[in-house]
Every structure is written in C-alpha cells, then in structure tokens.
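The values are calculated or read from the model by the stated rules, or taken from the named source; none is laboratory data. Here the structure is a predicted model, which means the values were calculated and not measured. Positions of Cβ are backbone-derived with ideal geometry, glycine not excepted, and every protein chain shown enters the neighbour counts. Heads up: the accessible areas ignore ligands, DNA and RNA and are worked out on the full protein's heavy atoms, side chains in. Shrake-Rupley method; radii C 1.70, N 1.55, O 1.52, S 1.80 Å.
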Amino acid sequence: MSFDTLGLNSNILDAVKAQGYEKPTAVQSQAIPVALDKKDILVSAQTGTGKTAAFVLPMLQRLSQDKKNAGTHLLRALILVPTRELAMQVGESVDAYGKGLPFKSVKLYGGKKISTETEQLERGVDIIIATPGRLAEHIQKESVRLANINYMVLDEADRMLDMGFINEIRAIAELTPKGRQTFMFSATFTPKVVNLGKSLLRKPKIIEVARQNKTADTVEQKVHFVNSADKSDLLAYMIGANNYNQVIVFTRTKDVTDKLAEELTAAGLPATAIHGDITQAKRTKALKQFKEGKFRVLVATDVAGRGLDIKDMDYVINYELPSVAEDYVHRIGRTGRAGKKGLAISLVSAYDVAYLLEIEKLIGLKMTEIKTKGYEFTERIPDRSEQHNQRDRRKSASIRKHTPKKEKPKSAAAAPKKVKQTKRNRFGS
Ligand code: AMP
C-alpha cells in the first residue's frame with residue numbers, strides 16, 4: 001500500500017514524502033482511512049510503530065476540509081499526551097506534517113512559563129498538544145476554550161492513567177462537544193484503558209497493531225545476569241568493547257541515574273542523565289546534545305524516557321529492570337523503531353530476577369542469556385519469601401505511581417548479599 005491511496009491531500013502527501021517515508025506503517029494504513037471516515041478509533045500500538053502520523057495526518061486533513069473556519073485559527077483539535085517530552089515530540093510531528101498547511105499549534109506542558117503559553121493561545125491556535133495537568137490549569141485560568149474541539153486524541157492513554165490523570169481527562173472531555181471525533185492510543189489495553197475508552201469513544205473501530213504487550217519483532221532481547229556490585233563496570237565494558245555508539249540506559253531511580261552518568265563519564269564514555277527532577281530546559285538540552293552525538297550514553301528513568309523520539313537508536317540497556325513490567329515494553333520501544341533492527345540488553349542482578357520473570361510473562365518471551373568473561377554471576381537469588389516481600393514493595397511503589405516528583409531512591413537495604421554459588425540453573429533455583 002502507498003500513502004497516495006489513503007485519501008490524504010497533496011500538501012500532506014508532500015510533507016510525508018519530505019520525511020522520507022516510502023509507505024505507511026501498519027497502524028497508519030489501518031487507522032488513517034477509518035479516521036478520514038470520521039469514525040472513533042481505539043488503537044493498541046506501541047511507540048515506534050508510526051502511531052503519531054496515524055493520528056496527526058488525518059487530523060490535518062480534517063482541519064483542511066473545514067472550509068468554514070479556514071484562516072480563523074479557531075481551536076478545533078486537541079492532543080493529550082502524558083509527558084512534556086511526548087508533547088514536544090508530537091508537536092514536532094504536527095509542525096513537520098503540517099508544513100504546507102496554514103494551521104497554528106501550541107504545546108502546553110509544565111516546566112515553562114504559563115504566561116508564554118497564554119499569549120500564544122490569545123493569538124489563536126488551531127491545534128493544542130498538551131499534558132492533562134497543564135491544560136487543566138489553562139482551563140481554570142480561562143485561557144482556553146474547548147467548545148469547538150471536533151477532533152480529540154488521547155495518546156499513550158495507559159501512561160496518562162498510570163500517572164493519575166483520569167480526573168483531568170474526564171473533566172477536559174466534558175468541556176468538548178459530544179459530537180467530536182475521538183482517537184485513543186495505548187500500548188496496552190488494560191481494564192482502565194478499556195473503561196475510559198467506553199466512556200469517551202462512540203462505537204470505536206478497534207485496531208490492534210501488535211498483540212497486547214508484545215515487543216517489536218525487530219528488537220533482539222537479551223539478558224545478562226550480573227552481580228549488583230559489578231553492574232556499572234560491566235555496563236561500561238559492554239559499551240566500550242562492543243563499540244556501541246548512542247546508547248540509552250534505563251534506571252529505576254533518579255539517584256542511580258545521576259551516579260551512573262558520572263561513573264560512565266569518568267570511565268571515558270561521555271554520558272548525560274535525564275529524570276523527573278531535572279528542569280525542562282536541562283532535559284531538552286541534554287536530549288539535544290545526545291542527539292547531536294556530544295554524549296555517547298543517555299541515562300534515563302522511565303518517566304523521563306517516555307516519549308523520547310531518537311531516530312537510529314540501535315541499543316537500549318536496562319541497567320535496572322522497571323518495577324512495572326509494562327514499562328519494559330515502552331523502554332525497548334526506543335529501539336527497533338519503524339522496522340529498524342535493535343538490540344535491548346537487560347542487566348539482571350539477584351533482586352531483578354523477580355522483575356525479569358514478570359516481564360518475560362508479559363511479553364511471552366524468554367530472553368536469550370549472554371555472558372561476559374570476568375563478570376560471572378555469583379549472587380544468591382532471594383528465596384520465595386524475600387521475593388514476595390519485594391513484590392509487595394513493588395506493588396506499593398506502583399500504587400504510589402511514578403510521577404517525576406515521586407521517583408524513589410533505591411533502598412540500600414535491598415542490596416543482595418554476595419554468596420558464592422557453584423551450581424545453578426537460569427534463576428539459581
Ligand atoms: P512513532 O511511533 O509515531 O513514535 O514513530 C516512530 C518513528 O517512525 C518516528 O521516528 C517517525 O518519524 C517514523 N515513521 C513514522 N511513520 C513512518 C513511515 N511511514 N515510514 C518510515 N518511518 C516512519
């Protein structure tokens with residue numbers, strides 16, 4: 001199938017060609033015709049599938065068809081996203097795909113002056129890309145009116161719900177016209193996502209691009225068991241010895257993120273860190289410098305890593321596995337994007353084993369084990385009751401949600417004891 005057959009206008013087709021896209025991805029070829037047919041859609045697609053163009057292109061086409069309001073910059077399209085990074089990324093896509101069109105857009109998210117956004121809103125915009133929290137602030141200040149929204153997108157709905165935005169989303173939707181067209185995108189169809197979908201979408205067409213919680217087939221997934229104390233050495237060795245350029249390393253907490261970036265830099269691998277406590281300006285700068293190749297490694301927490309669009313990313317390393325298994329799917333979505341090959345390696349110490357088991361269950365795949373001479377795994381695997389305790393801690397952590405402010409430092413008490421083991425199977429039991 002080619003883009004020409006999807007029913008998009010020539011301006012949009014030119015913009016798509018300028019991006020170098022040859023043919024639509026699976027989510028694009030399935031979603032665009034349905035969207036142009038003015039139907040609601042519930043799409044299960046992970047990042048890296050080309051999902052952004054799947055909702056931005058038909059949105060631009062629908063705006064172009066609205067001759068009555070041509071040139072008025074009346075606010076008609078709303079895209080809700082969970083994080084500022086994703087807002088910036090989607091905003092860039094709106095600019096790129098809408099290059100030949102007369103629409104104005106604004107990105108609304110925390111971490112920058114609200115007055116600048118208000119001024120932009122006052123000058124008139126056709127499209128808003130916003131995090132629910134910041135949009136709610138604008139609604140309170142009456143700097144935004146949603147009465148003419150006829151196209152609403154909820155991107156990464158599962159993540160927005162995880163971040164506790166349910167009330168804001170419902171309140172925002174209430175202010176938009178009932179007759180609007182609504183798109184909901186989510187990497188996973190959790191019961192919460194389905195419930196929200198039921199209340200916001202009308203007879204939606206359901207599109208599942210990849211099986212629920214499936215990781216992209218183009219990503220090779222490997223696991224390296226390693227003692228906690230050897231992790232950072234092994235990481236530096238792996239990146240150096242394999243000559244990995246441009247690697248994203250994921251951690252669970254901001255403290256580990258900063259420390260690891262320092263250690264890698266000291267080991268001769270220029271690294272920068274991003275997490276929820278780093279100001280927006282610094283995050284943007286770090287990301288820009290990483291993209292430009294000034295840093296070889298970007299160390300990120302899940303909150304900050306969400307929504308990063310870094311093209312040609314070949315390697316993702318999980319220095320610590322995420323405490324929420326679904327986050328693994330998002331993490332490795334940074335690589336193997338739009339059909340490119342990628343490699344994801346997880347460094348697993350004794351206390352990560354329980355996380356690994358949950359992730360493998362979720363993705364329905366047993367990762368291939370790799371080993372490195374000199375980094376033999378000798379830690380004792382915690383017994384069942386210790387693992388249960390860990391799971392309980394994880395559940396409470398997940399209940400606390402992972403908003404930027406709430407990233408928890410790793411407990412020193414959780415460090416496993418180093419006990420020499422002679423014989424073990426994969427999980428040492
Ligand atoms: P997304 O899933 O929207 O984050 O997109 C992932 C990446 O795929 C982005 O870098 C897009 O620029 C790229 N992309 C989107 N659509 C296509 C396409 N049809 N062909 C090639 N690359 C694409």
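Shape of segment 45-134 from its Cα gyration tensor (a ≥ b ≥ c, root eigenvalues): rounded if a/c is under 1.5, otherwise prolate when a/b > b/c, or oblate? The shape class here is oblate. At an R0 of 56 angstrom, the distance between the Cβ atoms of residue 73 and residue 378 translates into a FRET efficiency of 0.30.
Please work out whether segment 156-255 counts as rounded, prolate or oblate from its C-alpha gyration tensor, where a ≥ b ≥ c are the square roots of the eigenvalues and a/c under 1.5 means rounded, while otherwise a/b larger than b/c means prolate and anything else oblate? Numbers along the way, then the final one.
On the way: a/c = 3.39, a/b = 2.36, b/c = 1.43.
Prolate.
Look at the Cα gyration tensor of segment 1-66: its axes a ≥ b ≥ c give a/c of at least 1.5 with a/b at or below b/c, and that counts as oblate. Listed cross-link partners 17/104; 231/373; 99/291; 23/51; 259/282; 259/291 are compared with a 19 Å cut-off, the Cα-Cα value being larger for 17/104; 99/291; 259/291.
Note: relative contact order over segment 1-153, using C-alpha pairs below 8 Å and six or more positions apart, is 25 percent.
Label-to-label distance for residue 220 and residue 233 is 2.6 nm, based on points extended 7 Å past Cα in the beta-carbon direction. Label-to-label distance for residue 13 and residue 1 is 1.6 nm, based on points extended 7 Å past Cα in the beta-carbon direction.
Using the Kirkwood formula over every pair of different C-alpha atoms, what hydrodynamic radius in Å results for segment 3-208? It works out to 16.9 Å. Here segment 51-94 is treated as a sphere whose radius is the Kirkwood value from Cα pairs; by Stokes-Einstein at 25 °C and 0.890 mPa s it diffuses with a coefficient of 213 µm²/s. Within the set 112/294; 178/288; 39/192, which residue pairs have Cα atoms separated by over 32 Å? Flagged as over cut-off: 178/288. The heavy atoms of residue 285 offer some 120 square angstrom of accessible surface to a 1.4 angstrom probe. The residues 103, 377, sorted by heavy-atom accessible surface at 1.4 Å with ligands and nucleic acids left out, run 103, 377 from largest to smallest.
Distance between the modelled labels on residue 370 and residue 66, one decimal in nanometres: 4.9 nm (7 Å Cα→Cβ projection).
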